[in-house]
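> Take this structure, written in structure tokens, and hold onto it; I'll ask about it next.
The values are calculated or read from the model by the stated rules, or taken from the named source; none is laboratory data. Because the structure is a prediction, the values reported are computed rather than measured. Cβ sites come from the backbone with ideal geometry, for glycine too, and all protein chains shown count toward neighbours. Please note that ligands, DNA and RNA were not included when accessible areas were found on the heavy atoms of the full protein model with its side chains. Shrake-Rupley method; radii C 1.70, N 1.55, O 1.52, S 1.80 Å.
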Amino acid sequence: MKAVSVEEAVAMIPTGASIMVGGFMGVGTPERLLDEVVRQHKSGLALICNDASTPGKGVGKLFDASLVSRLTATHIGLNPKAQQQMLASQVTVDLVPQGTLVERIRAGGCGLGGVLTPTGVGTLVAEGKRQIEVDGKPFLVETALRAQFALVHAFLADYLGNLAYALTARNFNPIMAMAADTVIVTAENIVPVGVIAPDHIMTPAPLVDFLITNG
């Protein structure tokens, strides 16, 4: 793990990169990283996240700046700008049931090819997807999701990069930290090694590549 400035971290993200961003309606989202992504105008992003948040908040800032070319998420219902960009064919949107999204990311982090789920069988979700039977029941084959970068926000990080999260701000952050080639983390508090009890560590240091220094 290396400590870097937010400017240095975002400079590593190329135009057109695939990024996972933790958070649920902006809760647990690395706002400082997103602000810098907007400032550096990283465009053409393939964004994987739970939702499109709202204008001016969380990943909503990326839609405000028209930086997203593709979105994989569970819903965009509270962000009219994301809806407008989808209807104008500026953004390709892949809507995924929430549990399926979580499992696809988890599969990507665990080195699996995908998961089997009954969710979506017999609906529009099943269109174009392989379907198999297990013990006489139909399942969809949902492929694993990975990204080039994961932007993660934690409550605590220690000097090695071990992370702990606060309450519901945990949400997608730990699994996304497993499913990306490069993991960049912001933390509300950076503490000495040993302050986070070993059994309270939710994302271990070997998964973290870069930690944004405070300031």
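Conditions (1) part of a strand (DSSP E or B); (2) open to solvent by 60 Å² or more (accessible area, probe 1.4 Å); (3) touching a Pro at 6+ places or on another chain (Cβ under 7 Å); (4) not polar (S, T, N, Q), marked per residue:
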residue: Ala46; (1), (2), (3), (4): yes, no, no, yes
residue: Ser69; (1), (2), (3), (4): yes, no, no, no
residue: Thr72; (1), (2), (3), (4): yes, no, no, no
residue: Thr100; (1), (2), (3), (4): no, no, no, no
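> Moving to a separate point now. Being without any contact (Cβ under 8 Å) to a residue 60 or more places away in the chain, in contact with a Leu (Cβ under 9 Å, 6 or more places away or on another chain) and assigned to a helix (DSSP H, G or I) is the filter here; which residues of segment 157-205 pass it?
Result: Pro174, His200.
> Quick one: Arg104 ticks every box in (1) open to solvent by less than 60 Å² (accessible area, probe 1.4 Å); (2) in a helix (DSSP H, G or I); (3) free of Cβ contacts under 8 Å to residues at least 24 places away in the same chain except a single one, so which number is it?
(3)
Residues checked against (1) surrounded by fewer than 18 Cβ atoms within 10 Å (Cβ to Cβ); (2) in a helix (DSSP H, G or I); (3) not aromatic (Phe, Trp, Tyr):
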{"position": "Ala3", "(1), (2), (3)": "yes, no, yes"}
{"position": "Glu7", "(1), (2), (3)": "yes, yes, yes"}
{"position": "Gly16", "(1), (2), (3)": "yes, no, yes"}
{"position": "Thr29", "(1), (2), (3)": "no, no, yes"}
{"position": "Leu34", "(1), (2), (3)": "no, yes, yes"}
{"position": "Lys42", "(1), (2), (3)": "no, no, yes"}
{"position": "Leu62", "(1), (2), (3)": "no, yes, yes"}
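> Given the structure, is Leu211 part of a loop (DSSP other than H, G, I, E, B) and closer than 25 Å to Gly26 by Cβ?
Values: part of a loop (DSSP other than H, G, I, E, B): no; closer than 25 Å to Gly26 by Cβ: yes.
Criteria not met by Leu211.
> May I pose another question? Which of the residues that make up segment 140-160 are open to solvent by 10 Å² or more (accessible area, probe 1.4 Å) and closer than 25 Å to Ser18 by Cβ? Lay out the reasoning, then the answer.
Taking segment 140-160 as the starting set, the residues that turn out to be open to solvent by 10 Å² or more (accessible area, probe 1.4 Å) are 141, 143-146, 148-149, 153, 155-156, 159-160.
Val141, Thr143, Ala144, Leu145, Arg146, Gln148, Phe149, His153, listed by residue number.
> Return the pair list, or none, for Cβ contacts closer than 7 Å from residues in segment 108-128 that are in contact (Cβ under 8 Å) with a residue 24 or more places away in the chain and crowded, with 16+ Cβ neighbours inside 10 Å to residues that are part of a loop (DSSP other than H, G, I, E, B) and of a type in the set (A, V, I, L, M, F, W, C), at least 6 apart or on different chains.
Gly108/Ala144; Gly108/Leu145; Gly108/Ala179; Gly109/Met178; Gly109/Ala179; Gly114/Ala144
> Would you please name the residue that is farthest from Arg70 (Cα to Cα), looking only at residues in segment 100-124 that are of a type in the set (Gly, Ala, Ser) and at pLDDT 95 or above? Working first, answer last.
Looking only at segment 100-124, we keep the residues that are of a type in the set (Gly, Ala, Ser), and these are 107-109, 111, 113-114, 120, 122.
Those still in the list that are at pLDDT 95 or above too: 107-109, 111, 113-114.
On the way: Ala107: 21, Gly108: 19, Gly109: 21, Gly111: 23, Gly113: 22, Gly114: 20 Å.
Applying the filter and picking the extreme gives Gly111.
> Condition check: open to solvent by less than 50 Å² (accessible area, probe 1.4 Å), of a type outside the set (A, V, I, L, M, F, W, C) and in contact with a helix residue (DSSP H, G or I) (Cβ under 9 Å, 6 or more places away or on another chain). Does Thr92 satisfy that?
Details: open to solvent by less than 50 Å² (accessible area, probe 1.4 Å): no; of a type outside the set (A, V, I, L, M, F, W, C): yes; in contact with a helix residue (DSSP H, G or I) (Cβ under 9 Å, 6 or more places away or on another chain): yes.
Spelling it out, it is not the case that Thr92 is open to solvent by less than 50 Å² (accessible area, probe 1.4 Å), of a type outside the set (A, V, I, L, M, F, W, C) and in contact with a helix residue (DSSP H, G or I) (Cβ under 9 Å, 6 or more places away or on another chain).
> Shifting gears a bit: Filter segment 48-60 down to the residues that are assigned to a loop (DSSP other than H, G, I, E, B) and in contact (Cβ under 8 Å) with a residue 12 or more places away in the chain, then identify the one that is most open to solvent (accessible area, probe 1.4 Å). Lay out the reasoning, then the answer.
Looking only at segment 48-60, we keep the residues that are assigned to a loop (DSSP other than H, G, I, E, B), and these are 49-50, 52-53, 55-56, 58-59.
In the following step, the residues that additionally are in contact (Cβ under 8 Å) with a residue 12 or more places away in the chain were identified as 49-50, 52-53, 55, 58-59.
Numbers: Cys49: 3, Asn50: 1, Ala52: 1, Ser53: 4, Pro55: 59, Gly58: 0, Val59: 9 Å².
Ranking the qualifying residues of segment 48-60, first place goes to Pro55.
> Would you confirm whether or not segment 161-173 contains a residue that is open to solvent by 50 Å² or more (accessible area, probe 1.4 Å), closer than 25 Å to Arg104 by Cα and of a type in the set (A, V, I, L, M)?
yes
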